[in-house]
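Structure record follows, encoded as structure tokens.
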Amino acid sequence: MQKSVRQILEETLSKIAEENTSVELGERGTYVGASDVPYCLLKTVLNKTYGQGDFSVEQQLIFRRGHLLERILFDSLIKHDDYIDLDILYKDIKKNNDIFPYDKFNDTVLDLIKKENKNAFLNNYEVRHPDNKNILSHNDFTIWDNDGINIVEMKTSDVKWGPHDGWILQNIFQQGLVRLNHPNENIYGEIFIFDVKKGEVGEFKVDFDQNIFDGLVEKANKILNYMNDFNAGNLDLSTIDVEPSFLCSFCAHKGICKVYQENNDYVPNDLNTLISDYISVSDQISILKKKQDTLKDNISQYGSFSMLTPDGKKVENKLIMANSPDTKIMIAENPELAEKYKVEKKYWKLTIK
């Protein structure tokens, strides 16, 4: 039976995601990673214990964008003459050791790049906390260069907004774990953002903060304790802190979230900031729109003309006559025709009074 492309994607994307996660990141229900610690404690615990539910094709495709971006940088580094891929060396050392010897690996890398007079990189470097092997990170890219070790996190988003707070915390957590395992190296980090719609890119440096890192490690230990409670059959959800944010509306567990259920009108701090910025921008647009309309009216008094401004911009002013159907009359006089050619549009209506 012939299947549509969507049907094929529906039947395979989740399987591909599970296979890739198992190979690259291991069993995520057994550890706490860098992408777990920045966000709501309750959501993270529920994701780890009860799962996140099924994702739509659209959501799966969005998730895949990040992997495509990683692949682009990976192929570029492989092609670049100044970079050495450490994958074979890393897997060889990892295969022959129960506990990965970060010091041995780092010394070998430093000897290699000194001998070859090149930089080196590793995709998906797994770095564990020395005091708890179940607290770890899988760094998108770890790059050894003349400045030290750079931890690069890849994201697909709108570049103009810069990195989200959660991404910054994620990179700080990654830097902190690398620092613990490479104490003699200069560790720094960045977030690389690519806007797939506009083709824009942005690189954003992330400054390490020891206090923030310590807090994230403490949170990771809390998550592990809750996971242990779940495995022992005595997890009490009412004891888990909730950290509301703009991501609440996307959460698969909001149906049992006490904050979401008790106060559906709750406005988290980050959403409140976005709304305040929106109102501020809207006010500015309103003022500028009035000024623009006044200037346009004054210009139109000169009638039709075509000219070049001193800075070379071409300006034309002409009277346009346009005809458009009166939908109210059409609906009243010929409702069947109006219904036949009705086009359904979906959009968000944001009202602020």
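The values are calculated or read from the model by the stated rules, or taken from the named source; none is laboratory data. All values reported here derive from a predicted model rather than from experimental measurement. Note that each Cβ is placed from the backbone with ideal geometry, even for glycine, and that neighbours are counted across all protein chains shown. For accessibility, only protein heavy atoms count, side chains too; no ligands or nucleic acids. Shrake-Rupley method; radii C 1.70, N 1.55, O 1.52, S 1.80 Å.
The table below lists the values:
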| quantity | calculated |
| --- | --- |
| Placed amide H near HIS164: partners under 5 Å, 5+ positions off or other chain | none |
| Whole-Hz ³J(HN,Hα) from phi, Karplus 6.51 cos²θ - 1.76 cosθ + 1.60, for region 95-110, glycine and proline x | 5, 9, 9, 5, 10, 5, x, 4, 5, 5, 4, 5, 4, 5, 5, 4 |
| Under 23 Å from the Cα of LYS91 - lysines, other chains or at least 8 residues apart | LYS79, LYS104, LYS114, LYS115, LYS118, LYS133 |
| Per-residue HN-Hα couplings for region 76-85 [Karplus 6.51, -1.76, 1.60; θ = phi - 60°; Hz; x = Gly/Pro] | 5, 5, 4, 6, 6, 5, 8, 10, 10, 7 |
| Intensity falloff of region 277-353 expressed as log10 I(q)/I(0), Debye formula with alpha-carbon point scatterers, at q = 0.21, 0.26, 0.27 Å⁻¹ | -0.97, -1.18, -1.23 |
| Förster radius 35 Å - calculated FRET efficiency between GLU344 and LYS291, Cβ distance, rounded to 0.05 | 0.45 |
| Across LYS289/LYS346; LYS160/LYS205; LYS48/LYS222; LYS43/LYS219, pairs whose alpha-carbon gap is larger than 18 Å | LYS289/LYS346 |
| Probe 1.4 Å, all protein chains present, accessible-area order of TYR83, TYR278, TYR50, TYR226, largest first | TYR50, TYR278, TYR83, TYR226 |
| Kirkwood-based Rg to Rh ratio, region 150-214, C-alpha trace | 1.03 |
| Proximal lysines relative to LYS342, as straight alpha-carbon distance under 26 Å, when same-chain residues fewer than 8 apart are discounted | LYS328 |
